Amino acid sequence: MSRHVVTCPLRWSDMDSAGHVNNIVHLRYLEEARIDMFALRAPQSGVPVFTEGTVVAQQEIEYLIPLRYGAEPVRVEAWVTRVGNSSFDIAYEIRDDAACYARATSTIVAFDLNMNTSRPLRAAERAVLAALADDINDRADDSAGVEVSR
Amino acid sequence: MKHVYRCQLRRSDMDSYRHVNNVVYAAYLEDARAEMFRAHKPVAPFAERIVVARHRLQYLRPLVFRPEPVSVESWVSRIGTSSLTVEHEIHDGETVYCRASSVIVPFDLDAQCARPIEPAERAALEALSEH
């Protein structure tokens with residue numbers, strides 16, 4: 001039970017003419033973290049999951065502090081806050097040790113790309129999502145997160 | 001008054017699911033916002049003197065590349081002392097693909113801090129207001 005932590009290098013061109021990492025690019029960082037989370041965690045469950053597709057149904061992001069390019073990467077921390085019948089919520093923080101630059105949430109819907117409609121989450125997918133729920137009541141030794149170098 | 005931006009899609013806006021990628025919608029909103037402020041001339045470069053403080057996007061239907069543009073309707077729903085809220089709807093006549101709401105903060109790029117909305121800006125923003 002832990003946050004999934006992705007190390008996110010910044011590119012100089014991620015900044016816009018205000019000298020800030022552009023608001024849209026933050027959403028790209030969230031997507032990278034989300035895909036990494038599924039790609040890394042799902043195979044560990046021993047079954048193929050999320051391969052049938054997921055779509056984003058809703059996103060909310062709060063930009064707290066302007067992020068500027070630097071040689072040091074930032075971290076995107078992601079965790080699951082709700083698992084429904086065919087959708088789930090992910091919360092994120094884009095941060096480093098000094099500050100939290102943005103907080104966000106996404107609602108993700110399991111999607112059947114052939115039928116072009118939502119589908120129920122499979123049991124194996126639920127198991128993966130349950131392991132990504134960041135529960136503050138969990139044991140302290142479970143809270144370290146998985147550090148991924150990219 | 002609602003501003004209507006005719007938004008041309010690109011084939012590369014789609015991801016491997018053959019839907020316009022979720023992140024690209026935010027780029028459409030940025031283009032719509034910039035055109036709205038430019039067209040209604042609040043004060044010359046308003047679109048370059050703001051930052052986004054918050055976005056909320058609801059993806060209602062997958063959008064697939066087509067050569068015909070879609071419409072992005074934008075209007076101002078709230079004008080505060082140093083921030084405003086802009087609402088957006090990406091649609092194609094009857095079909096609504098996305099609804100979004102963004103909190104925009106006027107920003108002093110030299111001082112790198114938020115600044116109050118100037119009176120001339122407020123007057124122009126009021127013309128873009130819908131409730």
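The values are calculated or read from the model by the stated rules, or taken from the named source; none is laboratory data. What you see is a predicted model, and the numbers here were worked out from it, not measured in a lab. Virtual Cβ from ideal backbone geometry, glycine too; neighbours counted across all protein chains shown.
Which ones in segment B:1-26 are in a helix (DSSP H, G or I) and crowded, with 18+ Cβ neighbours inside 10 Å? Across segment B:1-26, the qualifying residues are B:D13, B:N22, B:V23, B:V24, B:Y25, B:A26.
Residue count for segment B:107-131, restricted to those that are surrounded by fewer than 19 Cβ atoms within 10 Å (Cβ to Cβ) and either part of a strand (DSSP E or B) or among the aliphatic types (A, V, I, L, M) (or both): 10.
Being closer than 26 Å to A:I65 by Cβ and without any contact (Cβ under 8 Å) to a residue 60 or more places away in the chain is true for just one of B:R38, B:R54, B:R61, B:R10. Which residue is that? If you could, list the steps in order and put the result at the bottom.
On the way: B:R38 fails: closer than 26 Å to A:I65 by Cβ; B:R61 fails: closer than 26 Å to A:I65 by Cβ; B:R10 fails: closer than 26 Å to A:I65 by Cβ.
Result of the check over B:R38, B:R54, B:R61, B:R10: B:R54.
Before we move on, is B:F107 at pLDDT below 95, in contact with a strand residue (DSSP E or B) (Cβ under 9 Å, 6 or more places away or on another chain) and more than 9 Å from chain A (Cβ to nearest Cβ)? When the stated conditions are applied, B:F107 does not pass them. Inside segment A:1-41, residues that are within 14 Å of chain B (Cβ to nearest Cβ), more than 21 Å from A:Q59 (Cα to Cα) and charged (D, E, K, R) make up a count of 1.
For B:A27, are the conditions met, namely being within 10 Å of chain A (Cβ to nearest Cβ) and free of Cβ contacts under 8 Å to residues at least 24 places away in the same chain? Answer is yes for this residue. Take B:S82 and decide whether it is of a type in the set (G, A, S), surrounded by fewer than 22 Cβ atoms within 10 Å (Cβ to Cβ) and in a strand (DSSP E or B). Considered against the rule, which asks whether it is of a type in the set (G, A, S), surrounded by fewer than 22 Cβ atoms within 10 Å (Cβ to Cβ) and in a strand (DSSP E or B), B:S82 comes out as no. Residue count for segment A:9-30 under the criterion of being hydrophobic (A, V, I, L, M, F, W, C), surrounded by 20 or more Cβ atoms within 10 Å (Cβ to Cβ) and not in a helix (DSSP H, G or I): the result is 1.
Answer with yes or no whether B:R54 is under 14 Å from the mean Cα position of the chain (by Cα) and within 14 Å of chain A (Cβ to nearest Cβ). Yes; evaluated as a whole, the condition is true for this residue.
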